[in-house]
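Let me begin by presenting the structure, written as structure tokens, before commenting on it.
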Amino acid sequence: MKEPFFYRTVRPILAGLFKVIYRPQYEGTENIPKDGKIILAGNHTNFFDCVLVGTSTKRCVHFLAKKELMKGIGKQIFTGFGIIPVDRSSASSGAQAVNTCKKYLDDNKLIAIFPEGTINRTDDIMMPFKGGAVKIAFDSSTKIVPFAINGKYEPFKKSVKIKFMPPIEVERGSLKAANQELYQTVRTELENYVKEV
């Protein structure tokens, strides 16, 4: 499974523009393996989070996204960027997403998931995590690299930061407990950031 041509050709241009305009800060990128299967999972604050995560590594990042985006010209664009479509209206959508992700991971790809399921527009620092990320990690024997996104996307200011933490291994046992560990790892980093600023 080769990287999408559109991703390989457009990504460098998009990454360059994004870094010039938003001047993002990256920390802990050494925790992202240079090859092999891995899952990135963290909080979701803005539409630009996909670009922020995608520019954190030179590897092709495959995101899970709602199937509705894959229509018209959107299909060409998002397919070109390696998006994995998920049909949230289907009762079997969860199982389908897990199976699709396993195929990508079996091919040693990198997948990124926002376990909150959508952009956090609440007053809380983070919404509860859905269990999909740990379920996929367990079923595919893949480690999860948690990440925390802090700050806002303000043009020409160093106002947004992403930090990647050491990988978490989802071992046999309670997936609920593993999901809580992932959630707490990200939340603690967000709370520490707030204290610092």
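Structure notes:
- I21/S174 FRET efficiency (R0 45 Å; Cβ-Cβ; nearest 0.05): 0.55
- Directionally averaged shadow of the chain, computed from the convex hull of its alpha-carbon atoms, nm²: 11.2
- Linear extension gain, E181 paired with K58, 0.36 nm per residue minus alpha-carbon span: 41.5 nm
- Restraint check, K103/K143; K102/K176; K34/K103; K34/K152; K19/K163, Cα-Cα greater than 25 Å: K34/K152
- Computed FRET value (nearest 0.05) for K161 with V10, which takes r as the C-beta separation and R₀ as 30 Å: 0.75
- Fully extending the segment from D139 to T122, taken as 0.36 nm per residue of separation minus the present Cα-Cα distance, adds 3.0 nm.
Quick note: the coordinates plus some simple rules give every number you see, no bench work behind them. None of these values were measured; they are calculated from a predicted model. Don't worry about glycine lacking a Cβ; one is built from the backbone with ideal geometry, like all the others, and counts go over all protein chains shown.
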